[in-house]
Amino acid sequence: MRLKARFAGPLSGRARPPGDKSISHRALIMGGLAHGRTEIGCLLNAADVQNTAAAVRRFGATVERGDGDTWVVTGAGGFSQPSETIDCGNSGTAARLLLGAASGYKLSARFDGDASLRKRPMNRVIAPLTQMGARFDAPNQRMPLIMHGGRLKGITYRSPVSSAQVKSAVLLAGLEADGETVLIEPERSRDHTERMLGVFGAAIDDVEIDGARHPRVRAGKLTGANIYVPGDPSSAAFPAAAALIVAKSEIRIEDVLVNPLRLGFYETLLEMGAKITYEERRDPIGEPIANLIVNASKLRGANPPARRAPAMIDEFPILAVVAAFAEGETRIVGAAELRVKESDRITMMVDGLRACGVDAEELPDGLVVRGHGPKSVRGGASIRTLGDHRVAMSFLVLGLASKEPVVVDDADMIATSFPGFADFMQGLGADIAAA
Ligand code: S3P
């Protein structure tokens, strides 16, 4: 479906974003690996996560909906041979984490995904899992592929990329590997797997190597646990950005995960002059949570350091939109990973911004946006999204503050991460409707 966004006055009110996608995938996978019952409160009920739920069922666990947003997983204490293909849909997280989780079991599984996932690199997990003892039939190192699991040995793996998906695949494989498994990455990526493995009773800690601490896991069984999924800061980024750039807005986004390894976008916004405050900080489940209060702000351009990229990797598209409404240049570097996301997000954002009259330019590992202040953005374009949910949401937010409305060609994929996005934004006063 095509959606159109246009200016309709300030945003106001309060809302809770849907559950965190990263934590939702992990809760289902670890629940499926564990012995016994796992109850997951506020699971993200979106297409990507439902693919993981279906996969976990195919590996032998039961996954059922309980009351409201609660889901119950009953694991058999390990994965067993699936009789059908593991379809990961659009989700790189589902694909890479499940490959790792399944690789320690004596089974052969065929993995596949949609046209976007079939283009994304899988060698980043095939390489370490092969070193540990798994085997792959994977022409081109991409989906579709067959993984043959079995007896694994622990390794110390130096990942060339800072990727929580790679880290998680290796640590989950380490649960069934002889000896210990250590993962070293250039910059620390989100640590939900490490935190949640502790909650499920795994033997996980960290070791110091070359002056930095890195996660280490030893073989061991997981025990079912109770998990609560806070609101997703990567989804909250869209209403937060909208409130900043639509004059006179003030909104409260409630129950948001504020794990420091996910806050790079919000840190950058504060450097740009954004009025964002955190209230009611709490930590009920081993992950910090707070409410965010966001007010429309006069913004200036920023140069977020390259080392911050992993902490804001999914937020660069919406940061590029916010930068168009700031005064001055925003230079994003160290973000080459954006080229292998659901689409090449560097090219997609620069093309779309230019179509909306914004001065933007590609870099090999990022982009430059030259903003001219709040009222300067023309909009008035029809944006091609290539089925990328975050590109679609980013340009709809742009359309809420530009002079002319913005249309996105296909908004259906938004449901992979943020079901009900248009309703959520309408509830805050935005005008987003079918085009
Ligand atoms: C995720 C890690 C990130 C992120 C993705 C979710 C995760 O990917 O982009 O949306 O849940 O581990 P990479 O690990 O490839 O950077």
Residues that are within 13 Å of the ligand (Cβ to nearest atom), open to solvent by 10 Å² or more (accessible area, probe 1.4 Å) and hydroxyl-bearing (S, T, Y), drawn from the range 1-47
S22
Within the range 303-315, does at least one residue satisfy the condition of being open to solvent by 40 Å² or more (accessible area, probe 1.4 Å), free of Cβ contacts under 8 Å to residues at least 60 places away in the same chain, not aromatic (F, W, Y) and not in a loop (DSSP other than H, G, I, E, B)?
yes
Selection within the range 323-339 - part of a helix (DSSP H, G or I) and in contact with a strand residue (DSSP E or B) (Cβ under 9 Å, 6 or more places away or on another chain)
A323, A324, A336, L338
Could you figure out which of (1) more than 16 Å from the ligand (Cβ to nearest atom); (2) within 17 Å of the chain's Cα centre (by Cα) isn't true of P230?
(1)
For the range 365-390, give me the residue count where each residue is in contact with a strand residue (DSSP E or B) (Cβ under 9 Å, 6 or more places away or on another chain) and basic (K, R).
3
Looking at L172, L263, L197, L244, which is the one that is touching a Gly at 6+ places or on another chain (Cβ under 9 Å) and aliphatic (A, V, I, L, M)?
L172
Which listed residue, of P284, P317, is of a type outside the set (G, A, S) and farther than 19 Å from A411 by Cα
P284
Taking first residues from the range 159-176 that are of a type in the set (D, E, K, R) and second residues anywhere that are in a helix (DSSP H, G or I) and open to solvent by less than 10 Å² (accessible area, probe 1.4 Å), the pairs with Cβ under 8 Å that are 6 or more apart or on different chains are K167/T193
Taking S235 and the conditions (1) within 18 Å of the chain's Cα centre (by Cα); (2) under 14 Å from I293 (Cβ atoms), which numbered condition does it fall short on, given that it satisfies the others?
(2)
Among K248, K298, which is on the phi > 0 side of the Ramachandran plot, part of a loop (DSSP other than H, G, I, E, B) and surrounded by fewer than 20 Cβ atoms within 10 Å (Cβ to Cβ)?
K248
Being modelled with pLDDT of 95 or more, within 16 Å of the ligand (Cβ to nearest atom) and of a type outside the set (G, A, S): is that true of K167 here?
yes
Of the conditions (1) more than 23 Å from I313 (Cα to Cα); (2) in contact with a Lys or Arg (Cβ under 9 Å, 6 or more places away or on another chain), R57 fails just one. Which one is it?
(2)
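One line per residue, one yes/no per condition, for (1) within 16 Å of the ligand (Cβ to nearest atom); (2) open to solvent by less than 10 Å² (accessible area, probe 1.4 Å):
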{"site": "Y157", "(1), (2)": "yes, no"}
{"site": "E176", "(1), (2)": "no, no"}
{"site": "L183", "(1), (2)": "yes, yes"}
{"site": "R190", "(1), (2)": "yes, no"}
{"site": "V199", "(1), (2)": "no, no"}
{"site": "A212", "(1), (2)": "no, no"}
{"site": "A219", "(1), (2)": "no, no"}
{"site": "G224", "(1), (2)": "no, no"}
The lone condition Y266 fails out of (1) buried (at least 20 other Cβ atoms within 10 Å of the Cβ); (2) in contact (Cβ under 8 Å) with a residue 40 or more places away in the chain is (2)
Can you tell me which residue within the range 407-424, out of those that are among the aromatic types (F, W, Y) and open to solvent by less than 10 Å² (accessible area, probe 1.4 Å), is farthest from the ligand (Cβ to nearest atom)?
F421
Counting only residues that are out of contact with any helix residue (DSSP H, G or I) (no Cβ under 7 Å at 6 or more places or on another chain) and open to solvent by less than 70 Å² (accessible area, probe 1.4 Å), how many does the range 371-382 have?
3
Mind telling me which of the residues I318, I293, I276, I285 ends up being open to solvent by 20 Å² or more (accessible area, probe 1.4 Å) and in contact with a Ser or Thr (Cβ under 9 Å, 6 or more places away or on another chain)?
I293
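The values are calculated or read from the model by the stated rules, or taken from the named source; none is laboratory data. Note that the structure is predicted; figures quoted are calculated from it, not measured. Because the Cβ atoms are built from the backbone with ideal geometry, glycine has one as well, and the counts that use them run over all protein chains shown. Accessible surface is based on the protein model in full, side chains and every heavy atom, while ligands, DNA and RNA are left aside. Shrake-Rupley method; radii C 1.70, N 1.55, O 1.52, S 1.80 Å.
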